[in-house]
Amino acid sequence: TMRVSSLLALLPILTGFAVASDVVDLTQANFEGEVFGADLALVEFFAPWCGHCKNLAPHYEEAATILKKNGIKLAKVDCTVEQDVCQKYDVNGYPTLKVFRNGVPVDYNGPRKADGIVSYMNKQSLPAITELTPETHDDFTKTDKVVVVAYGDAKHPVPKAFEEYANTARDNYVFGKFEGSELPKLAGKPKLPAVVLY
C-alpha cells in the first residue's frame, strides 16, 4: 500500500507535464500584448460550465498545436473571471470565437472541429486580395457571386484602406487588385484609383 500511495501522490505532478497547452490563456493584463502584436490570432471566449465549450476544448487544443507551427496563435479567455475583457468584445454567448488581425476582431464563422479550424485559419493567413494580371482578370471577376476589384496605376495607387477593408470582409466577398498601365477596359471609364463591384 505504501507504493500505491506514493504513486498516487506523484500523479498530479506527472499529469501536470502532460497537460502542456499550445492555447494561450488570456487575462486583462496580457490580452493586448498577446493578441494585438499577432498578425493573426483566434480567441475563444468561454465559460468553464458551458457544454459546447467543453466539446470544443480538445479540437481547439489540437488545432492550436498544428497552427502554432504556421505562426497562428490560438488563445482563450475565461469570461467568468475576465468579465471586462468579454464585455469589451460584446460576448453574450459561449463559446464566442473571434479572429484578430493585428488587434482588429471579426467573428469566426468556421467549423468547430480541429481540421476545420486549421483549414479556416490557414485560409485566413493567405492574402485577402488576389493580385490580378491581364490574363487572370476576366476569369477572376466571375469567381464568386460578389467580386470586388480595385484598379490603380503608378500615379494613382490603390489606397491602403482597400486592403484594410478586404481583411475585415474577406469571409463575405472575394477581393482583387489590378495595378499597372495595361488596365482592362472598364465600363464608364472611372477615374483611378477605382473600385468596381462585379
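The values are calculated or read from the model by the stated rules, or taken from the named source; none is laboratory data. Quick caveat: nothing in here was measured; it's all calculated off a predicted structure. Glycine gets a Cβ as well: all are built from the backbone with ideal geometry, and neighbour counts include every protein chain shown. Just so you know, the surface numbers come from the protein's heavy atoms only, side chains and all, with ligands and any DNA or RNA stripped out. Shrake-Rupley method; radii C 1.70, N 1.55, O 1.52, S 1.80 Å.
Take Leu197 and decide whether it is open to solvent by 80 Å² or more (accessible area, probe 1.4 Å) and touching a strand residue (DSSP E or B) at 6+ places or on another chain (Cβ under 8 Å). Against the criterion (open to solvent by 80 Å² or more (accessible area, probe 1.4 Å) and touching a strand residue (DSSP E or B) at 6+ places or on another chain (Cβ under 8 Å)), Leu197 qualifies. Report yes if some residue within segment 113-136 is among the acidic types (Asp, Glu), open to solvent by 20 Å² or more (accessible area, probe 1.4 Å) and out of contact with any strand residue (DSSP E or B) (no Cβ under 8 Å at 6 or more places or on another chain); otherwise report no. Within segment 113-136 (the criterion being among the acidic types (Asp, Glu), open to solvent by 20 Å² or more (accessible area, probe 1.4 Å) and out of contact with any strand residue (DSSP E or B) (no Cβ under 8 Å at 6 or more places or on another chain)), the answer is yes, since at least one residue qualifies.
Across segment 141-187, the number of residues qualifying as modelled with pLDDT of 90 or more, of a type outside the set (A, V, I, L, M, F, W, C) and open to solvent by less than 80 Å² (accessible area, probe 1.4 Å) comes to 10. Of all the numbered requirements in (1) farther than 30 Å from Ala194 by Cα; (2) of a type in the set (Gly, Ala, Ser); (3) touching a residue at least 40 places away in the same chain (Cβ under 8 Å), Ser119 misses one, and that requirement is (3).
Can you pull out the residues in segment 16-30 that are at pLDDT 90 or above and either out of contact with any helix residue (DSSP H, G or I) (no Cβ under 9 Å at 6 or more places or on another chain) or outside any loop (DSSP other than H, G, I, E, B) (or both)? Of everything in segment 16-30, those that are at pLDDT 90 or above and either out of contact with any helix residue (DSSP H, G or I) (no Cβ under 9 Å at 6 or more places or on another chain) or outside any loop (DSSP other than H, G, I, E, B) (or both) turn out to be Val24, Asp25, Leu26, Ala29, Asn30. Considering only segment 67-84, how many residues are surrounded by fewer than 19 Cβ atoms within 10 Å (Cβ to Cβ), not polar (S, T, N, Q) and not in a loop (DSSP other than H, G, I, E, B)? Looking only at that region, the number is 3. When the residues of segment 31-66 are filtered to those that are part of a loop (DSSP other than H, G, I, E, B) and at pLDDT 95 or above, the one that is most open to solvent (accessible area, probe 1.4 Å) is Trp49.
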